[in-house]
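Engineer: Below you'll find the structure I mean.
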Amino acid sequence: MAINQDVAIIIPKQELLPSYLAVYLNCKVGQSFADKQKTGQMNPYISVDNLSTLPIFVPSLRFQKKVESVLVLAYQRLDESIQNYQQAEKILFLSLGMADLNFDNGEQVNSNIKTFSNSFIESGRLDAEYYQHKYESLATICSSKAVYTKQLAEILQFNARGLQPDYVENGEIAVINSRHILEKHLDYNNFERTTLNNWNLQPKAHVFKNDILIYTTGANIGRSQVYLKSEKALASNHVNILRVQNEYPIYVAFVLNSKIGRLQTEQVSAGSAQQELYPKDIAKFYIPFIHKLGQAEISKSVLKSFTLQTQSEALLTLAKQAVEVAIEQGETAAEAMLKAELRNETIQ
């Protein structure tokens, strides 16, 4: 593995486990020491020399191994989360006969002939990019292999962008920005916050459980994830809210986030200098629906993936808290906390 100049490698001596050191450097104590070593420039920087002066709390090897066990379990949960998401992808693409199909391998037909009536008159588009053959191929495959296909307009209860709220630190209401829409799930741990008053003033931006959120502006346009919590939330102005009826919202979001949805996004935004996705365009997207059992299995796998990722994040937080307790109260107190929190887990 190669690294660039913005990454430092630390190889600790034998009395310090690398896994423990990583957790320590990420806990509140380690981060506070690191903050003191940062330069005051526009882009904060820590030199290798300054890194070498960071104070390190070195507990017993036995305690370090306890922390390492929690870290290992966290990564096991993360691996299981990824596997469940990949299983959902496998079900979808096998059902649609797309498991071995690659629209970006250069083998697709690179020309297409359209009459004026079945191009501009029908779509309002004259740019060549919009009519690339791969988009038609995708639509043909989906319509022929799916049990049924629907435009989003047919199943939508709500389709609109959110609004820009007033951000308030430690506010009662979560705010979801486009950067919180990740590749596989939402970044629930880093939502912004606002007040209940903003919630009352912006009903158009309300987000409820099972709403589908779409990244609409910029580099990751088209990313789509379903909101899986019951906590009230608002969507910002670069996030589109979809609320569907009579279909599995997790399945719909999953298809939109897959190559099927991304290619439709690519087609709509083709030829544009500024990458934008508008509600009127999203409403025209089609969703190929596989058999109900497959839809249910995909929804179950995606939900399981989310649950496992949440568990992984909780375990990483627990490892950091254990180190903090060991520093402040001693190893005995830290081990007691770990034992209490991990009653249902197997820690060596």
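The values are calculated or read from the model by the stated rules, or taken from the named source; none is laboratory data. These numbers come from a predicted model, not from an experiment. All Cβ positions, glycine included, derive from the backbone under ideal geometry; neighbour counts span all protein chains shown.
Engineer: Within the range 176-206, take every residue that is within 15 Å of the chain's Cα centre (by Cα) and part of a strand (DSSP E or B) and give me the one that is surrounded by the fewest Cβ atoms within 10 Å (Cβ to Cβ).
Structural biologist: Checked the range 176-206; the qualifying residue surrounded by the fewest Cβ atoms within 10 Å (Cβ to Cβ) is L186.
Engineer: Could you list, in sequence order, all residues of the range 138-171 that are modelled with pLDDT of 95 or more, assigned to a loop (DSSP other than H, G, I, E, B) and loosely packed, with under 14 Cβ neighbours inside 10 Å?
Structural biologist: Listed by number, the list holds a single entry, V147.
Engineer: If you don't mind, another one. So, in the range 84-98, how many residues would count as being surrounded by 14 or more Cβ atoms within 10 Å (Cβ to Cβ) and in a helix (DSSP H, G or I)?
Structural biologist: So the answer is 9.
Engineer: Return yes or no: is S111 at pLDDT below 55, more than 23 Å from Y251 (Cα to Cα) and in contact with a His (Cβ under 8 Å, 6 or more places away or on another chain)?
Structural biologist: In short, yes.
Engineer: Applying the selection to the range 314-334, what residues are closer than 18 Å to L16 by Cα and among the acidic types (D, E)?
Structural biologist: Once the filter is applied, which keeps residues that are closer than 18 Å to L16 by Cα and among the acidic types (D, E), the range 314-334 yields E324, E331.
Engineer: What helices (runs of 4 or more DSSP H) completely inside the range 239-340 contain at least 1 residues that are of a type in the set (S, T, N, Q), in contact (Cβ under 8 Å) with a residue 24 or more places away in the chain and not assigned by TED's automatic domain parsing to the domain that holds K134?
Structural biologist: Here the list reads 292-329.
One line per residue, one yes/no per condition, for (1) within 16 Å of S19 (Cα to Cα); (2) assigned to a loop (DSSP other than H, G, I, E, B); (3) within 32 Å of the chain's Cα centre (by Cα):
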residue: T39; (1), (2), (3): no, yes, yes
residue: N43; (1), (2), (3): no, yes, yes
residue: N50; (1), (2), (3): no, no, no
residue: F57; (1), (2), (3): yes, yes, no
residue: K66; (1), (2), (3): yes, no, yes
residue: V70; (1), (2), (3): yes, no, yes
residue: Q76; (1), (2), (3): yes, no, yes
